[in-house]
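Beneath this line is the structure, given in structure tokens, with notes to follow.
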2 protein chains.
Amino acid sequence: MSFIATPQTMHFPEVLPLQSGASLRDYHLAFETYGTLNADASNAVLVCHALNASHHVAGVYAGQDKSEGWWDNMIGPGKPVDTNRLFVIGVNNLGSCFGSTGPMHLHPDTGEVYGADFPVVTVEDWVNAQARLLDRLGITQLAAVLGGSLGGMQALSWTLQYPERVRHAVVVASAPNLTAENIAFNEVARRAIVTDPDFHGGHFYRHGVVPKRGLRIARMIGHITYLSDDVMNEKFGRQLREGLDLKYSTQDIEFQIESYLRYQGDKFSEYFDANTYLLITRALDYFDPARGHGGDLTRALARATAKFLLISFTTDWRFSPRRSREIVKALLDNRRHVSYAEIDAPHGHDAFLLDDARYMNVMRSYFNSIAKELA
Amino acid sequence: MSFIATPQTMHFPEVLPLQSGASLRDYHLAFETYGTLNADASNAVLVCHALNASHHVAGVYAGQDKSEGWWDNMIGPGKPVDTNRLFVIGVNNLGSCFGSTGPMHLHPDTGEVYGADFPVVTVEDWVNAQARLLDRLGITQLAAVLGGSLGGMQALSWTLQYPERVRHAVVVASAPNLTAENIAFNEVARRAIVTDPDFHGGHFYRHGVVPKRGLRIARMIGHITYLSDDVMNEKFGRQLREGLDLKYSTQDIEFQIESYLRYQGDKFSEYFDANTYLLITRALDYFDPARGHGGDLTRALARATAKFLLISFTTDWRFSPRRSREIVKALLDNRRHVSYAEIDAPHGHDAFLLDDARYMNVMRSYFNSIAKELA
């Protein structure tokens, strides 16, 4: 049994300047909080989400079965990130499709649905928007900012954009930027969406259609890269879907892995917004704090003053341990306080969302020490 | 300067029973030969092709610039597979789109284009068809059968289907079957093609269209998996396509890697047949000689009597060295004569087509010894 979570929304009438030069105004952020903010507002932990997640990080929605938040195993009363002691905030990013202002909402200037006209948002823009939410909640400084994958990029960016507002940054299964291969997978997914005839240049809402073909392909590609080769072989291997005889068909499902991927693709295409997919993969592509420092990550991270915990997973080939070690090295070069755990887990990138005793223990111990600093 | 190659075609009126239970009749095989068959027909080397290659293995076409065969660096007069001493045969597989009978040809029963009705063909079927071609050419036994990737699977299958007809098998960058991850990538590519509205269930020829969107996506996915992460970073990294400033766009090209993939996808969609893509990826999925032996590769390979050379490349994550070592182990368990070279090359799966001095030397030395056996 988990606790009951209640989504909230905050309205921001003021203009948010974006990295691209464009801006957003009159936007909403959907968020949730768990636990209680203490008297000096020093126990707040911000959780940043990855590609297809949301502000619903932990707990369940009243009366809704199977509505656990996406990191419910990690966050809650008595859990590694213990909401009996910490005040945890989940926030949905701008451009998403789960409550915060995004491509399916109305442009305040035109009264038309944004669609493809929703401006490109970056990790830095998200962090700026999150900072404003914290201002409204009366939180000057975070006990910790925490995220996995793209969420880890936001956590890292917090330490650079608002160094004085972050005491600890916990960056899980992340990277200082995407490799060419990562960008390549994102690009194929985007091309599948953009070239779907139902995409209509991103204005499919007007046509009453959804580019589901493209979304399915995008999600299938994603799923392959979230899992390790080993875990795929263990879960699916070369198992046939039906019986023992081959059907000899190019279009029917033959292997279990095909069935799994088609199911994941179908499910995703029912709820995820195509423009959001483009925006979020682009935010991943663009993130590169070393870019403004001639590619020198050590110089880029010199601004960070937070204490860090970095965690990576041995079988994660999308955000490999090597990438986390680059961040660790750059922080150590700057004589920062860094802990690093490389978890030997079989599940690939998905491992950061799964129960692994060693991983959970590292997180529990680190957040325990954060909570103790408050006492 | 390479030598001039001349494509030929052989007609087979007789029925070819297929593994699926279906059959083909009245089919053609396109092929090329290089060098001269010796008096006792003992110097023949059959080269089997992979996914998007053909019978045009070496040499150039008269009057056509840049028409080198796909393995022209490996095969020819004085090259590692030396056509001054060996008689080399390249054959296009059934179901392909480069000359042999395939989905764009007419079904002899109906007079209609096969399209999606072209029967599923397997590696074993291809080998049977190749064997008939050799019969016609008067070749009872091959000095060697040689192939990379899917071509390596055919070479391996030759040693099981016609053990007495193969003296040497050279299996490069191959595997005893596909992993779940391999099948998964194939499935995404197939879904992109099949769900393209221009596919029309595989009968797009009748509609005067080509499912180019799907073919582009399929090829982009393929290209990512042919290269290693390292070589992608080295060739493209995070380089922007134009200048130094970001454009902040989700649909325009921003990074060089995007430009490269789109170009490769566009080019491929201009010449490759969509039904052929489905057939060939399915042949890859299905190949699994251990399947009929309860998954026991050692038992499966007990029939093979040829001498083997296996080669793998360290950065090939699609057909990793581990998979070649499975074949080596199964052959050694059967006390077969096996040589194995694991080449430390940066180029991923593509390495088997590229010039690498160590790789070339291993091949040259092995084929030299084959040629010496003839003298």
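The values are calculated or read from the model by the stated rules, or taken from the named source; none is laboratory data. Quick caveat, the model's predicted, so the values are computed rather than measured. Every residue, glycine as well, gets a Cβ built from its backbone with ideal geometry; the counts of neighbours run over all protein chains shown.
Scanning the range A:203-227 for residues that are facing chain B (nearest Cβ under 9 Å), under 21 Å from residue A:173 (Cα atoms) and either part of a helix (DSSP H, G or I) or among the aromatic types (Phe, Trp, Tyr) (or both) yields a count of 4.
Summed over the range B:270-301, residues that are more than 28 Å from residue B:216 (Cα to Cα), more than 12 Å from chain A (Cβ to nearest Cβ) and without any contact (Cβ under 8 Å) to a residue 60 or more places away in the chain total 4. Look at (1) of a type in the set (Gly, Ala, Ser); (2) farther than 21 Å from residue B:318 by Cβ; (3) at the interface with chain A (Cβ under 9 Å from one of its Cβ atoms) and you find that residue B:184 fails only one, number (2).
Test of understanding: among A:84, A:38, A:73, which residue is among the polar types (S, T, N, Q) and closer than 18 Å to residue A:355 by Cα?
Values: A:84 fails: closer than 18 Å to residue A:355 by Cα; A:38 fails: closer than 18 Å to residue A:355 by Cα.
Testing whether each residue is among the polar types (S, T, N, Q) and closer than 18 Å to residue A:355 by Cα leaves just A:73.
The set of residues in the range B:43-89 that are within 11 Å of the chain's Cα centre (by Cα) and of a type in the set (Gly, Ala, Ser) comprises B:50, B:53, B:54. In the condition set (1) closer than 30 Å to residue B:161 by Cβ; (2) within 14 Å of another protein chain (Cβ to nearest Cβ), residue B:324 is compliant with all but (2).
Could you grab me the full set of residues in the range A:291-311 that are among the aliphatic types (A, V, I, L, M) and assigned to a strand (DSSP E or B)? A:309, A:310, A:311 - these are the residues of the range A:291-311 that are among the aliphatic types (A, V, I, L, M) and assigned to a strand (DSSP E or B).
Take the range B:35-61 and flag every residue that is farther than 21 Å from residue B:152 by Cα and either free of Cβ contacts under 8 Å to residues at least 24 places away in the same chain or assigned to a strand (DSSP E or B) (or both). Answer for the range B:35-61, where residues must be farther than 21 Å from residue B:152 by Cα and either free of Cβ contacts under 8 Å to residues at least 24 places away in the same chain or assigned to a strand (DSSP E or B) (or both): B:39, B:40, B:60.
How many residues, within the range B:14-34, are part of a loop (DSSP other than H, G, I, E, B) and away from chain A (no Cβ under 14 Å)? Reasoning before the result, please.
Initial filter on the range B:14-34 (part of a loop (DSSP other than H, G, I, E, B)): B:14-15, B:18-22, B:25-26.
Still in the list and also away from chain A (no Cβ under 14 Å): B:14-15, B:25-26.
Selection size over the range B:14-34: 4.
Close Cβ contacts (under 7 Å, 6 or more residues apart or on different chains) running from residues in the range B:225-250 that are over 21 Å from residue B:264 (Cβ atoms) to residues that are surrounded by fewer than 18 Cβ atoms within 10 Å (Cβ to Cβ) comprise B:248/A:20.
If you check B:288, B:316, B:245, B:230 for being assigned to a loop (DSSP other than H, G, I, E, B), out of contact with any helix residue (DSSP H, G or I) (no Cβ under 7 Å at 6 or more places or on another chain) and over 30 Å from residue B:103 (Cα atoms), only one passes: B:245.
Among the residues of the range A:338-375, what is the count of those that are of a type in the set (Lys, Arg) and in contact with an Asp or Glu (Cβ under 9 Å, 6 or more places away or on another chain)? It would help to see each step written out before you state the result.
Filtering the range A:338-375 down to residues of a type in the set (Lys, Arg) leaves A:358, A:364, A:372.
Then drop every residue that is not in contact with an Asp or Glu (Cβ under 9 Å, 6 or more places away or on another chain), which leaves A:358, A:364.
Summing the residues that are of a type in the set (Lys, Arg) and in contact with an Asp or Glu (Cβ under 9 Å, 6 or more places away or on another chain) in the range A:338-375 gives 2.
Residues of the range A:237-247 include at least one that is more than 7 Å from every other protein chain (Cβ to nearest Cβ) and at positive phi.
Going by the conditions given, is residue B:196 facing another protein chain (nearest Cβ under 9 Å) and modelled with pLDDT of 95 or more? The answer is yes for residue B:196.
On the given criteria, is residue B:281 assigned to a helix (DSSP H, G or I) and surrounded by 24 or more Cβ atoms within 10 Å (Cβ to Cβ)? Spell out the reasoning first.
Details: assigned to a helix (DSSP H, G or I): yes; surrounded by 24 or more Cβ atoms within 10 Å (Cβ to Cβ): yes.
Spelling it out, residue B:281 is indeed assigned to a helix (DSSP H, G or I) and surrounded by 24 or more Cβ atoms within 10 Å (Cβ to Cβ).
Annotation: residue B:325 fulfils all but one of (1) assigned to a helix (DSSP H, G or I); (2) under 17 Å from the mean Cα position of the chain (by Cα); the unmet one is (2).
Of the residues contained in the range A:2-13, none is found to be under 30 Å from residue A:358 (Cβ atoms) and in a strand (DSSP E or B).
Residues that are at pLDDT 95 or above, crowded, with 21+ Cβ neighbours inside 10 Å and touching a helix residue (DSSP H, G or I) at 6+ places or on another chain (Cβ under 6 Å): find the strands (runs of 3 or more DSSP E) completely inside the range B:74-176 holding 2 or more of those.
Values: elements: B:87-91, B:144-148, B:168-172.
Result: B:144-148, B:168-172.
Screening residue B:219 on (1) at pLDDT 95 or above; (2) outside the structural domain of residue B:195 (by the TED database) shows it passes everything except condition (2). Being without any contact (Cβ under 8 Å) to a residue 40 or more places away in the chain and in contact with a Leu (Cβ under 9 Å, 6 or more places away or on another chain) is the filter here, so list the residues in the range A:254-269 that pass it. Hits for the range A:254-269 are A:254, A:255, A:256.
This table checks each residue for (1) part of a helix (DSSP H, G or I); (2) over 22 Å from residue B:348 (Cα atoms); (3) within 9 Å of another protein chain (Cβ to nearest Cβ).
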position	(1), (2), (3)
B:234	yes, no, yes
B:253	no, yes, yes
B:260	yes, no, yes
B:268	yes, no, no
